[in-house]
Amino acid sequence: MDWEPVIGLEIHAQLLTRSKIFSAASTAFGAEPNVNACPIDLGYPGMLPVLNREVVRMAVMFGLAVDAEIAPRSVFARKNYFYPDLPKGYQISQYELPIVGPGRLTISLEDGHEKVIGITRAHLEEDAGKSLHEAFDGSTGIDLNRAGVPLLEIVSEPDLRSAREAGAYMKAIHTLVRYLGICDGNMQEGSLRCDANVSLRPRGSRSFGTRTEIKNVNSFHFIEQAIDYEIARQADLLESGGTVVQETRLYDPERHETRSMRAKEEANDYRYFPDPDLLPVELDAAFINAIRATLPELPRARRERLQTQYGLSAYDAGVLTAERELADYYEAVVESLGGEAKLSANWVMGELAAALNREGLTIGTSRISAPGLAGLLRQIIDGLISGKLAKEVFEAMWAGEGEADAVIKKRGLRQISDPEALVRVIDEVIAANPSQVAQYKAGKEKLFGYFVGQVMKQTRGRANPAEVNRLLKQRLPPPGG
Amino acid sequence: MTLHGLKAIAAALAAGETTSVALVEAVLEKIERLDGKLNSFVSLTRDVALRAARRADAAISRGETGSLLGIPMAHKDIFCTEGVKTSAGSRMLDSFTAPYDAGVVERLKHAGAVMVGKTNMDEFAMGSSSETSFYGPVGNPWDLGRVPGGSSGGSAAAVAARLVPYATGTDTGGSIRQPAALTGITGIKPTYGRVSRYGMIAFASSLDQGGVLAPSAEDAALVLEAMAGFDPRDSTSVDEPVPEYSALVDESLRGRRIGVPKEFIASGVDPAVSAALATALEQLAGLGCEVEETSLPHLGLSVPTYYVVAPAEASANLARYDGVRFGYRAENPANLTDLYERSRREGFGAEVKRRILIGTFVLSHGYYDAYYLRAQRVRQRIAADFRHAFERYDFLVGPTTPSAAFRLGEKTADPVSMYLNDIFTIGVNLAGLPACSVPMGFDGNLPVGLQMIGKAFDEAGILALAHQYQQVTDWHRRVPPRWE
């Protein structure tokens, strides 16, 4: 049977606030356990939640960016269950009335096509703490630093049809929330987490098969692997006459498999009800429009603009706009050069990206600034340095030796274009290689490159290659010509 | 020390006739001598009180004044007090000391109030008799064989016995007004949102409201004006200016309209209560008010509505008592489930468990619509009844309870009859309105109370009505024999 996968994602994005969603405690990552947990986060008697207005602004930004309806009135509810890392015995979330209603996001697929993915809703909620099972000699430790960290849960429609599409959608959300400045997208630190709902149906069928939920997959790579595994597992089950059990499964990235966590029958009755400690969030058009005015250019619009404005390929524009800071950097280079979009793109995506990767840096922590890189490219454009030597200059700049012109001066790398000086070197090379000259004249034309190489060697790469070619052809006319 | 009334005490302090330290010593001596029978206190805070008293005496000697400055008082043990145990009357919190003061505690501290102890109460404020406390039942100073009402029964008994000049309380379904009525004192529950719930241990968040128990309306006005006000740490707190209630208690009531809901005088009210009410209504008319009968058609639904909404909220509010971070923890738990189950089984009393079970049930899948949502809709109807009545009337009055104090143990086996004791008070919480109870006579040797309900944020109005009623009556000056 030809099975069609049906996939929906629930993405939890940690909102980039300084303090928690309902308390003044810090959201900083990596603190000693329970240092960033105040009595409100600990669920102490008499403590009450107070909404951090910043999370409302961020949720509305997201909603506007995915063309969603912003609820004029949304309500926080209590989701009741017992767990040691859930201090109050309930999680404050949004249930019946989420802040962001139906919206959509267009994603780009590898084959160049675009696809619109429906977003069912996005709602605000608090994160739980963390149970620590190691180093407590059989007991469990609890770290409540995460408890009360603000999350935006973004629920997609079951519009995704492959692991690749799911990965592309997750990347698009990742890019978007970073563009909006509402989430740092750091998946190692759990700032962006993903649950995937996966089911299969015979291709052409309109109804849905039984789905499983894969919990907490924290990388683009793993999400695709986990979904591919789950698709294959369900297909095997169905092909062999079995049935899929509705359940929650956990992906084990070391064994490349998903395993059952709990069946639906064991699922909690969360007994949601509106939280009487919090007022409904009521938003008027003026508030929403004020936020709309602060929206940055969104990734897709920027990619399209880069293609039309600078004539970049779809691929280059896609790479350069994957992160807002990268696109800002690129455009700053182009702007200070007054053009040269393709040369700039090659350097940003080539040397610069390689250097950043090599050292695990981000564009924001690049050792060479956009004006600095533009200064280097200016030297190439003006013919003051060869492209090859420019790479050496780049490395020197990266190592902190200064701006391009200073490095070039200090290292004596300025390109030699003066014909008199070049002819002198060429004549030396001809004089020093009589046998090669004889062979060349006898018709061994490919020795021309040898002479160019010798000139470059004599000038330690500084000779202007175009001039060397031109002058060499004058001194050593082609044998047949 | 036989000073009566906060004004008189403040004047004596200002004149140097006594000191805060002397008042504290006298109060503690009386409590230690007499409270053994009453059991109105859970803890006494001698050292904390004396430190505060010395600070107050120093302030007074510098010429500072304040209506509460240096005057002893007690907090219901539901308000968190930094460094002093806060138990909510429960074994669950017998070992709990908060690292913070409740908003109410802060404000009264700031006004110079001197806390001498924390008062006994129904466990987690769940009860109408102060019999469900882990620390044992509270007696009624008018008759030690009878209950003082609840849940603020410790505060009410302590004030009625004149152990302290005033005490704080909380009122979720009548927990200030009903004990005030049953012990012959004045109690006010302000408008929902008027007094901060920050640091006040939650029972039912949408109904809980802090307030005052004091001998007279004038004293209650002085305390409430110090206690009330916006607190950004409580999202349901309302940013509405607080009038100087004590300066408004003599405002003329001429032409003010009083409605007497016929549901408040329906059958089931004891004859002595009806008789006292009839006299009280004449006296209110004598103050220049127009008194007429009216109706709150849905009031009869308030008890069943309340017993869905309050337990629902409580079932979630009390989930945090799990033995993990603070409070009671069962010994040697075998595993996590055992830790939860035994900590809660051993830490909570029967009434609390009953309400957690009810609340869990009404929120469960398949029952939510039939119970919780339906109760919310009825709550809207009840609130609408009050809104309509207040389009015509300035106040609604009636008996606070259908009868005087019942015997200890009389209703413990029959929770529904216990719940029905709050039939006249619960609707007010569902509507979020301010109301007070003032003494209006006796049934034999037991006091009965008159409830006065006002428009939202018209605490000034009901305090004026109560105060002027107390100018033509002396019920609030009656002190139970042997406690004077």
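Values in this text are rule-based calculations from the coordinates and carry no lab data. Since we're looking at a predicted model, the values are computed, not measured. Note that each Cβ is placed from the backbone with ideal geometry, even for glycine, and that neighbours are counted across all protein chains shown.
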*segment A:419-475: D in µm²/s via Stokes-Einstein (Kirkwood Rh, Cα pairs, 25 °C, 0.890 mPa s)?*
220
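Can you classify segment B:262-379 as rounded, prolate or oblate using the Cα gyration tensor, where a ≥ b ≥ c are the square roots of its eigenvalues, rounded means a/c under 1.5, and otherwise it's prolate if a/b beats b/c and oblate if not?
Cα axes put segment B:262-379 in the prolate bin.
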_Largest-first principal axis extents, alpha carbons of segment A:126-178, Å_ = 45, 23, 19
_Charges on Cβ only, +1 for Lys and Arg, -1 for Asp and Glu, centred on the Cα centroid of segment B:315-453; of B:427, B:317, B:437, which one is farthest towards the dipole's positive end?_
B:317
*Binned Cα-Cα distance frequencies in segment B:226-328 - 10 Å width, integer %*: 11, 20, 27, 28, 11, 3
*Place a +1 charge on the Cβ of each Lys and Arg in the protein assembly as shown and a -1 charge on the Cβ of each Asp and Glu, then give the dipole magnitude about the Cα centre in debye, rounded to the nearest 20.*
1620
*Report relative contact order for chain B in percent, whole number only (criteria: Cα-Cα under 8 Å, sequence separation at least 6).*
18
*Taking the Cα centre of the protein assembly as shown as the origin and placing charges on Cβ (Lys, Arg +1; Asp, Glu -1), which of A:290, A:21, B:176 is farthest toward the positive end of the dipole?*
A:290
*What FRET efficiency comes out for the pair residue A:106/residue A:1, r = Cβ-Cβ distance, R0 = 45 Å, nearest 0.05?*
0.90
*Per residue of A:75-88, what is the mean number of Cβ atoms on other protein chains within 10 angstrom of that residue's Cβ?*
4
_Dimensionless Rg ratio for segment A:84-212, taking C-alpha atoms and the 2.2 N^0.38 Å reference_ = 1.27
*Tell me, Kirkwood radius of segment A:299-411 from alpha-carbon pair distances, in Å?*
14.1
_Cα-projected label distance for residue B:8 with residue A:392, points at 7 Å along beta-carbon direction, nm_ = 10.3
*Coordinate range along principal axes, alpha carbons of segment A:224-286, Å, largest first*: 54, 31, 24
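Evaluate the Kirkwood expression for the hydrodynamic radius of the protein assembly as shown, namely the inverse of the mean inverse distance over all pairs of different C-alpha atoms, and round to one decimal in Å.
Hydrodynamic radius (Kirkwood, Cα pairs) of the protein assembly as shown is 33.1 Å.
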*Packing-based exposure ordering (other Cβ within 10 Å, fewest first) of A:347, A:398*: A:398, A:347
*Given a cut-off of under 8 Å on Cα pairs at least six residues apart, what relative contact order in percent is computed for segment B:7-67?*
52
_Can you give the log10 of the normalised intensity I(q)/I(0) at q = 0.26 Å⁻¹, computed with Debye over equal Cα scatterers of segment B:391-474?_
-1.27
_How far apart, in nanometres, would the label points at residue A:184 and residue B:65 be if each is projected 7 angstrom from Cα along the Cα-to-Cβ direction?_
5.7
*Name the residues whose placed amide hydrogens come within less than 5 Å of the amide hydrogen of residue B:448, ignoring near sequence neighbours (fewer than 5 apart) on the same chain.*
B:440, B:441, B:442, B:443
*asked:* With unit charges on the beta carbons (Lys and Arg positive, Asp and Glu negative) and the dipole taken about the Cα centre of segment A:1-102, which residue among A:48, A:76, A:91 sits farthest to the positive side?
replied: A:48
*Return the long-range amide H neighbours of residue B:41 (sequence gap of 5 or more, or a different chain), with a cut-off of under 5 Å between placed amide H atoms.*
B:120
_Pairs of Cα atoms farther than 28 Å apart, segment B:149-305, %_ = 28
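Taking 1 over the mean of 1/r across every pair of different Cα atoms in segment B:220-266, what Kirkwood radius in Å do you get?
Roughly 13.8 Å, rounded to one decimal.
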*asked:* For chain A, what does the helix formula give at 222 nm: sum of -39500 (n - 2.57) over DSSP H segments with n ≥ 4, over the residue count, nearest 500 deg cm²/dmol?
replied: -11500 deg cm²/dmol
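For segment B:335-446, compute the orientation-averaged projected area of the C-alpha convex hull (one quarter of its surface), in nm².
10.5
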_Of every Cα-Cα pair in segment A:3-290, the percent that sits beyond 30 Å_ = 33
*asked:* Across chain B, what fraction of all alpha-carbon pairs, as a whole percent, falls in each successive 10 Å bin from zero upward?
replied: 4, 22, 33, 26, 11, 2, 0
_At q = 0.13 Å⁻¹, base-10 log of I(q)/I(0) for chain A (Debye sum, equal scatterers on each alpha carbon)_ = -1.23
*Provide the per-residue ³J(HN,Hα) series for segment A:111-116, in order, calculated from phi with Karplus coefficients 6.51, -1.76, 1.60 and θ = phi - 60°, each as a whole number of Hz, with x at glycine and proline positions.*
7, x, 6, 10, 9, 8
*Mean residue ellipticity at 222 nm from the helices of chain B, using -39,500 (n - 2.57) per DSSP H segment of n ≥ 4 over the full residue count, to the nearest 500 deg cm²/dmol?*
-11500 deg cm²/dmol
_Kirkwood Rh and Cα Rg combined as Rg over Rh, evaluated for segment A:11-118_ = 1.05
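Which value, in debye to the nearest 20, describes the size of the charge dipole of segment A:299-411 about its Cα centre when Lys and Arg Cβ atoms bear +1, Asp and Glu Cβ atoms bear -1, and nothing else is charged?
Roughly 140 debye, rounded to the nearest 20.
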*Which residues' amide hydrogens lie under 5 Å from the amide hydrogen of residue A:249, considering only partners 5 or more residues apart or on another chain, with H built in the peptide plane?*
A:213, A:214, A:215, A:261
*Could you state the number of Å between the C-alpha centres of segment A:234-248 and segment A:45-74?*
39
*Starting from the Cα coordinates of segment B:324-378, work out the convex hull volume and express it per residue in Å³.*
107
_Contact order relative to length of chain A, as percent, for alpha carbon pairs under 8 angstrom and 6 or more apart_ = 14
*P(r) of segment B:87-176 in 5 Å steps, Cα pairs, percent per bin?*
3, 15, 22, 24, 21, 11, 3, 0
*segment A:156-218: Rg to Rh, with Rh as the Kirkwood radius over Cα pairs*: 1.05
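Determine, from the Cβ-Cβ distance of residue A:308 and residue A:469 and an R0 of 60 Å, the FRET efficiency 1/(1 + (r/R0)^6), rounded to the nearest 0.05. It would help to have the intermediate numbers written out before the result.
Numbers: r = 36 Å, r/R0 = 0.60.
Once rounded, the FRET efficiency stands at 0.95.
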*Rounded to a whole number of µm²/s, how large is the Stokes-Einstein D of segment A:346-418 at 25 °C and 0.890 mPa s, given Rh as the Kirkwood radius over C-alpha pairs?*
199
